[in-house]
Structure formats: structure tokens, C-alpha cells
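Remarks on the structure that follows.
The values are calculated or read from the model by the stated rules, or taken from the named source; none is laboratory data. All values reported here derive from a predicted model rather than from experimental measurement. Every residue, glycine as well, gets a Cβ built from its backbone with ideal geometry; the counts of neighbours run over all protein chains shown.
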Amino acid sequence: MKIATAEFIQNGAQPVTGANKIIEVKNVSKVYGTEVVALKDINLDFEAGQLTSLLGPSGCGKTTLLKIIAGLLPATQGDILVNGKKVTAPGPERAFVFQDFALLPWATVLDNAAFGLKMQGKPKAERDDIANHYVKEVGLDGFQKSYPHQLSGGMRQRVGLARALSVNADVLLMDEPFSAVDEQTRRKFQEDLIRLREVEKKTFIFVTHSIEEAVYVSDRIILLSPRPGRVSEIIDPDIPSDIGPDELRRNEVYLETVENIWHGIKKYVD
Amino acid sequence: MTLYGRKIPKMASLVVWLIIWEIVGQLDLLMLFPPFSSVLMAMGEVVTARSFNEALWITASSYALGMGLALVVGITMGILMGLFKPIDNMLNMWVNVFLSAPLSALVPIFMILFGLGTPTVVVTVFMFAVWIIVLDTRAGVQNISPSLMEMSHSFGANRFERAKIVLLAALPEILAGIRLGLVRGVKGVVIGQLLVSIIGVGALFALYQQNFLMSHFWALIVLLFTFALTMADLIGRLEKRIEYYAHVRS
Ligand SMILES: Nc1ncnc2c1ncn2[C@@H]1O[C@H](COP(=O)(O)OP(=O)(O)O)[C@@H](O)[C@H]1O
Ligand SMILES: [Mg+2]
């Protein structure tokens, strides 16, 4: 099976294939209208329990691919398989975190976090219990009764995250979740995401246009090139997991990986 | 408003205007324009008259019926137009035509179609009120952020839940439309009854006019204005509470 047009693997680590793939993208193409080819012949596997980033310049089809995986957009061609089953619509095993948060302005933090559970028909007491747990887990204890407009951008995205975690999906689909929050909050978020990944044992597909962010948080990075959107490289950063965030930003492997990706991506950015 | 550094309540300017009205009225320049004090006294007579209570009942019921229809039809149409492009393409032009058309000119046609009675007045109220409700509801639905609908879809919301989200997300605009519609509806009920002129306050206006009871005539106008403004104010208050969180929606 052809995984990518060009494959570039950091430090000789072979990408694990086959064994644990939870999501398969098979020959997916997407054409908007008649001429905008957003994606062309995408073939990818996503490993269970890993955090995979979709990285690429703006307009290369990252959001489009993520929404097709989510079942929010139909592919023009090709299939998405989740646990071997073809995707035709959103499902409870996938939860989406939106770039602009997409919170209900008339609902409290707790009610927003419990939204998915309510849609699944869980009784009020039970869903409040679960949602409350995740509101605390994302660091918003004490804000359960607040409304979205009373929160900062970073806190709103934490609500979005709590909502996605509450439904206990296997896969979390995150579309540039930190792009609308300020730099300090963003770093905190990235650290939290790494911690969360260890606690929750979920599969994350994470869209970003920041190379540093991708290298920092990902097990695997899928580099997309624009017009038409294609997979140009797959990178498995091999950064020692036992170093702290400050040390990491001086780590040689980290810096080298960022540099390599930048070389690969430079030609698409003008 | 402040005067010599002191805050003056809003009612003060109204009082000033009433005093001016009183003085001009006392000058006896125009027979059509009695002083406010006699209007006030006539008001007592007007509201206690049996004819007024009958007129009030007929007016209120045609207004309520016309408004009820306008709300149901207006909000439904607005939502459909906001959600479905083909429906919008078909109807948008007509809604705008009716919104700005001089609807009073159509009342004679309603009289031919619906007779010289309450149905014509109901239709007039409806036609005055409905279009602004349609347009504001449509705008509200079109302003809903697409990601909110994607969110509800991705978390498995059913049709009913999605409709609820559309309605709540568009609520600020819908309420603005309702407030404007209520005021236009008052215009509709008065104009309709004036033109039909044998029922409700229209008949009263005709009666007062024919008998040169100008104080009574003005008393009735003041009552109607007060009613229309009170309604608009009540909805306005409700709107503020909703907008409190809705204008910051992302
Ligand atoms: N609804 C749409 N209609 C037409 N073109 C679209 C639509 N959504 C996205 N596109 C186009 O598809 C390409 C990929 O978009 P997108 O997936 O949003 O990219 P990214 O998320 O990587 O910035 C872009 O060229 C964009 O202009
Ligand atoms: Mg995007």
C-alpha cells in the first residue's frame, strides 16, 4: 500500500503499520464545486493511542480532511474506515474540537460540556456527573455555572475539550484548537494535551499550522502540501519523552526536526 | 439629559411637551386641538363608555389574532428562508416588496376579499406585522455560525435538537423582529379599522370625528400610542436580557 508520495523518517524509526490502525483513509479526494481540488488521493493510517498531527500551510486541506474523517463532509472519492467500518456520518466513537470553540452561548459551562451526553440520551444526573469530572480535568473547576462569554478564549476551548472528552470517544479530532488563544495559554495547552494523552489513552488527530507545536506534541506528523492537497511527508519525531518543556525547546532532536520540516515546507510558502 | 449639572429623568421632557400642548390648546387657535387637560378629562369618559369597551375588545382580539398569525407564519418563513437557499431565492424579493409597500393602499382590496368586518382588520394587522418578522428571523438564522451547526451534527443532535439550536441561536434577531412587528401591527389594526370604519376603535374615531368630540378623539389616540409603546418597551426589555449573552456569541 502506498502510504505517502515521499517518505522521510526521522532517526530511522519505522512507522508502525497495520497492527493497530483505528482510522484508514483510502484514496480520498475532495473537490469543492467543480474546480477547487482540496484533497487528492490521500492514503493514510492512524494508529490507535497515538497523537498524529496534520501539518501544512493554510489552505492545504487540513480542515477538509479532518471534517471528512469526522463525517461532517462527504468525500468526493474514496472511503474513511473507522475500526474497519465505513464512515458515512458523525459517530459516537469520534469527537470534534472546533477551532472557534462552537459553544452554545445560552448554556453554562457544565451544560456545554454535557451537550454530547445529552444528545446521547443520558439522564441529567449522570451526564452532569460525567461532564463535571471533565470540566475539572481540563482545569475549569469553579466555572461550571459560568457562561461562555464570561470566559477567556483559552478557557472556552477548555470547555470544548471537556465536551469532546465527556462522550468518551476513541478518537479526538482537533482543528487548530489553540490557534485562537494567546501564546502563553497555547504553551500551557500543549503541555496539558501531552499529559491528557497519557491519562486518557485516546487517539488524537490534531490539525495545526505550527511546526513547533506539531513537533512538540506529536507521535507522528503528516505533512500536507497545497493545491491540490497531498501527503508530502510523514515524520515520526523521536524526542526523548522524559524531558520537560523548557529543556525540550533546546533539545537537539527537536530543533533538527523543526528545521527539517521547515525545509520541506518552505517551497510552498511564498 | 442634564440641566445645570442635575440629572433630569426621561419623563421630564414628556411633561414639558404636555405643558406646551396645554398652552397651545388653551390659546384656542384650532378647534381640532383642545388643551391636554380636557383630553385627560375626556379620557375618563372614553374609557368608561360601553362603546369603548366593545371597541377595545374587538380591537384587541383582531390585533391578537393578526399578530398570532404573523408570528407563526413570519418565524416559520424566516427560518425556512434562512436555511434553504431555493426558498430564499423564491420569496426574498416579495418579502422586501411587501415590507416597503404602502400597505394601506391594499386595505380596500382586503375589504373586497374579506368583507367589511373583523377578518379584513385581522388580515391588515397580519400584513403590517409579518414581513419584518420574516426578514429579521431570516437574518438571525443566516448569522448562526456554521460551526455551531456542525458541532450539533457531530455530537449526534437529532432534528428536533438542531431546530431548537437554530431557534435559540437566532433568538435575538427574532425578538427584534417581533418588537418591530408588534408596533407595525398596532398601525395595522388602527388603519384597518379606520378604513373599515364601522368596527372597533375605527368606528369610535369616526363617531368622535363626526360629532366634533375632539378631546375624545385625542384621548383615544393617546391611549393607542401608549399601548403600542408599552408593548415595544416590554419586548425591548426581554431582548436586552437575551442579548446579554447572545451578542457575544462566537
Ligand atoms: N466550502 C468550501 N467551498 C469551496 N472551497 C473551499 C471550501 N472550504 C474550503 N475550500 C478550499 O479548499 C482548500 C482547503 O481548505 P481547508 O481544508 O480549509 O484548508 P486548511 O484547513 O488547511 O487551511 C482551500 O483552498 C479552500 O479555499
Ligand atoms: Mg483549517
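Some notes on this structure:
- Residue check for A:Phe96: away from ligand 1 (no atom under 16 Å from the Cβ), buried (at least 19 other Cβ atoms within 10 Å of the Cβ), of a type in the set (Phe, Trp, Tyr) and within 15 Å of the chain's Cα centre (by Cα): no
- Against the criterion of being more than 16 Å from ligand 1 (Cβ to nearest atom), surrounded by fewer than 24 Cβ atoms within 10 Å (Cβ to Cβ) and either within 14 Å of another protein chain (Cβ to nearest Cβ) or touching a residue at least 40 places away in the same chain (Cβ under 8 Å) (or both), A:Leu110 does not qualify.
- Residue in the stretch A:165-188 that is surrounded by 20 or more Cβ atoms within 10 Å (Cβ to Cβ), out of contact with any Phe, Trp or Tyr (no Cβ under 7 Å at 6 or more places or on another chain) and assigned to a helix (DSSP H, G or I) present: no
- Cβ pairs under 7 Å, 6+ apart, first in the stretch A:161-179 and within 21 Å of A:Asn20 (Cα to Cα), second aromatic (Phe, Trp, Tyr) and buried (at least 22 other Cβ atoms within 10 Å of the Cβ): A:Leu172/A:Phe204; A:Leu173/A:Phe96; A:Met174/A:Phe204; A:Met174/A:Phe206
- Helices (runs of 4 or more DSSP H) contained in the stretch B:1-111 and holding at least 2 residues touching a residue at least 60 places away in the same chain (Cβ under 8 Å): B:36-48, B:50-83
- All positions within the stretch B:76-102 that are of a type in the set (Gly, Ala, Ser), within 12 Å of B:Leu135 (Cβ to Cβ) and surrounded by 12 or more Cβ atoms within 10 Å (Cβ to Cβ): B:Gly78, B:Gly82
- Inspection of the stretch B:108-122 identifies no residue that is crowded, with 19+ Cβ neighbours inside 10 Å, closer than 20 Å to A:Leu103 by Cα and of a type outside the set (S, T, N, Q).
- Residues considered: A:Glu213, A:Glu191. Of these, the only one that is under 13 Å from the mean Cα position of the chain (by Cα) and either within 14 Å of chain B (Cβ to nearest Cβ) or part of a helix (DSSP H, G or I) (or both) is A:Glu213.
- Of all residues in the stretch A:80-107, those that are under 17 Å from A:Ile205 (Cβ atoms) and within 12 Å of chain B (Cβ to nearest Cβ) have Cβ atoms under 6 Å from Cβ atoms of residues that are surrounded by 21 or more Cβ atoms within 10 Å (Cβ to Cβ) and hydroxyl-bearing (Ser, Thr, Tyr), 6 or more apart or on another chain, in A:Pro90/B:Ser154; A:Phe96/B:Ser154.
- Those residues of the stretch A:163-188 which are within 14 Å of another protein chain (Cβ to nearest Cβ) and either among the polar types (S, T, N, Q) or within 16 Å of ligand 2 (Cβ to nearest atom) (or both), in sequence order: A:Ser166, A:Asn168, A:Leu173, A:Met174, A:Asp175, A:Glu176, A:Pro177, A:Ser179, A:Ala180, A:Val181
- Filter result for A:Gly142 (among the small types (Gly, Ala, Ser) and within 18 Å of A:Ala180 (Cβ to Cβ)): no
- Checking A:Ile68, A:Ile42, A:Ile80 one by one, the residue that is within 20 Å of the chain's Cα centre (by Cα), away from ligand 2 (no atom under 16 Å from the Cβ) and not hydroxyl-bearing (Ser, Thr, Tyr) is A:Ile80 and no other.
- None of A:Gly160, A:Gly116 is part of a helix (DSSP H, G or I), within 16 Å of ligand 2 (Cβ to nearest atom) and at pLDDT 90 or above except A:Gly160.
- For the stretch A:194-206, filtered to residues that are more than 14 Å from chain B (Cβ to nearest Cβ) and in a strand (DSSP E or B), the residue that is nearest to ligand 2 (Cβ to nearest atom) is A:Phe206.
- From B:Met149, B:Met90, residue being within 30 Å of A:Val167 (Cβ to Cβ), more than 22 Å from the chain's Cα centre (by Cα) and either aliphatic (A, V, I, L, M) or more than 14 Å from chain A (Cβ to nearest Cβ) (or both): B:Met149
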